[in-house]
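Read the structure below first, then the notes.
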Amino acid sequence: MDLFVNSDAATLSPVGLFLQADWVVKMVMLGLLAASIWSWAIIIGFGSTLNRMARRSAQYEADFWKAQDIDRFHDANGRVDLPAARVLDAGVREWRRSTAGKRVDRDGIRSRLHMTMAAAIGAEIDKLSGRLTFLATIGSVAPFVGLFGTVWGIMRAFTGIAAEKSSSIAVVAPGIAEALFATAIGLFAAIPAVIAYNRFSHSLDRLEARLGRFADGFHATLSRELDAEA
């Protein structure tokens, strides 16, 4: 009796369910597992990147506002691999181009500075948010892929019932179990991806707002310099 129970338990274990599953359900399970591993790699890598970027950006902005000479600071730190540094670089380049001529259109310079730095902010956010596309895809598609495996497994279970001409639990249980296991793997892949996507989207919104405040402060500094030259 104990051997019979242990054999059933092994059959209904995750490994046993995978091994006895139909090849279609196996492909679904393997695909979902691969997607889950990939999404976790993105979650860990992108999360550490955002945390490191937040710390470095805070220090970069603090150093900028302490600087006495914007041109000197830009020449020394304008090529740093940070979104704030690229926004600063875009603003300084536009400022130098706009003030190089003999005639200075102050309103035009202010408008171009605003548009240039806004475009730089948009480019930085787009570049970072592009990494989240896979998480959004997994979060929305994985449950349906798992559901496909479930439907296929249930169909196979009914086929087994017809072949055995019996509806006992011993005949039905393996097929139903492997079908539900496919759904479970789909949810296992989708739930962390959805949570991470929402969290990272919120972090990118905060980063965009922070870059906007930095650009506004820099724009105000250059605008005061225009007024002083007038």
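Being over 21 Å from Ala209 (Cα atoms) and in contact with a helix residue (DSSP H, G or I) (Cβ under 6 Å, 6 or more places away or on another chain): is that true of Ile70 here?
When the stated conditions are applied, Ile70 does not pass them.
Going through Ala76, Ala34, Ala41 one at a time, which residue ends up being surrounded by 12 or more Cβ atoms within 10 Å (Cβ to Cβ) and without any contact (Cβ under 8 Å) to a residue 60 or more places away in the chain?
Ala76
Keeping to segment 99-111, report how many residues are open to solvent by less than 90 Å² (accessible area, probe 1.4 Å) and either in a loop (DSSP other than H, G, I, E, B) or basic (Lys, Arg) (or both).
Qualifying residue count for the region: 7.
Kindly list the number of the only condition in (1) open to solvent by less than 60 Å² (accessible area, probe 1.4 Å); (2) without any contact (Cβ under 8 Å) to a residue 60 or more places away in the chain; (3) closer than 27 Å to Ile43 by Cα; (4) polar (S, T, N, Q) that fails for Ser129.
(2)
Between a residue in segment 89-116 that is touching a residue at least 40 places away in the same chain (Cβ under 8 Å) and any residue that is among the polar types (S, T, N, Q) and surrounded by 12 or more Cβ atoms within 10 Å (Cβ to Cβ), which pairs come within a Cβ distance under 6 Å, given they are 6 or more apart or on different chains?
Ile109/Ser98; Arg110/Ser223
Can you confirm whether segment 175-196 contains a residue that is closer than 26 Å to Arg55 by Cα, at pLDDT 90 or above and loosely packed, with under 15 Cβ neighbours inside 10 Å?
yes
If Lys127 satisfies all but one of (1) over 17 Å from Ala215 (Cα atoms); (2) of a type in the set (Lys, Arg); (3) more than 32 Å from the chain's Cα centre (by Cα), what's the number of the condition it fails?
Going through the list (1) over 17 Å from Ala215 (Cα atoms); (2) of a type in the set (Lys, Arg); (3) more than 32 Å from the chain's Cα centre (by Cα), Lys127 breaks only (3).
Being modelled with pLDDT of 90 or more and open to solvent by 90 Å² or more (accessible area, probe 1.4 Å), is that true of even one residue in segment 87-94?
yes
Of (1) in contact with a Ser or Thr (Cβ under 9 Å, 6 or more places away or on another chain); (2) outside any helix (DSSP H, G or I), Phe134 satisfies all except one. Which?
(2)
Of the conditions (1) over 30 Å from Phe200 (Cα atoms); (2) open to solvent by less than 40 Å² (accessible area, probe 1.4 Å), Met53 fails just one. Which one is it?
Looking at each condition in turn, Met53 falls short on (1).
Of all residues in segment 112-126, count the ones that are of a type in the set (A, V, I, L, M, F, W, C) and either open to solvent by less than 30 Å² (accessible area, probe 1.4 Å) or farther than 14 Å from Ala90 by Cβ (or both). Before you say what the answer is, go through the steps one by one.
Kept after step one, since they are of a type in the set (A, V, I, L, M, F, W, C), are these residues of segment 112-126: 113, 115, 117-121, 123, 125.
Filter again for either open to solvent by less than 30 Å² (accessible area, probe 1.4 Å) or farther than 14 Å from Ala90 by Cβ (or both), leaving 113, 117, 120-121, 125.
Result for segment 112-126: 5.
So which of Asp81, Asp63 is at pLDDT 90 or above and outside any helix (DSSP H, G or I)?
Numbers: Asp63 fails: outside any helix (DSSP H, G or I).
Answer to the selection: Asp81.
The values are calculated or read from the model by the stated rules, or taken from the named source; none is laboratory data. Nothing here was measured: the structure is a model prediction, and the numbers come from that model. Using ideal geometry, Cβ is built from the backbone for each residue, glycine included, and neighbour counts are taken over all protein chains shown. What goes into the accessible areas is simple: the full protein's heavy atoms, side chains included, and nothing from ligands, DNA or RNA. Shrake-Rupley method; radii C 1.70, N 1.55, O 1.52, S 1.80 Å.
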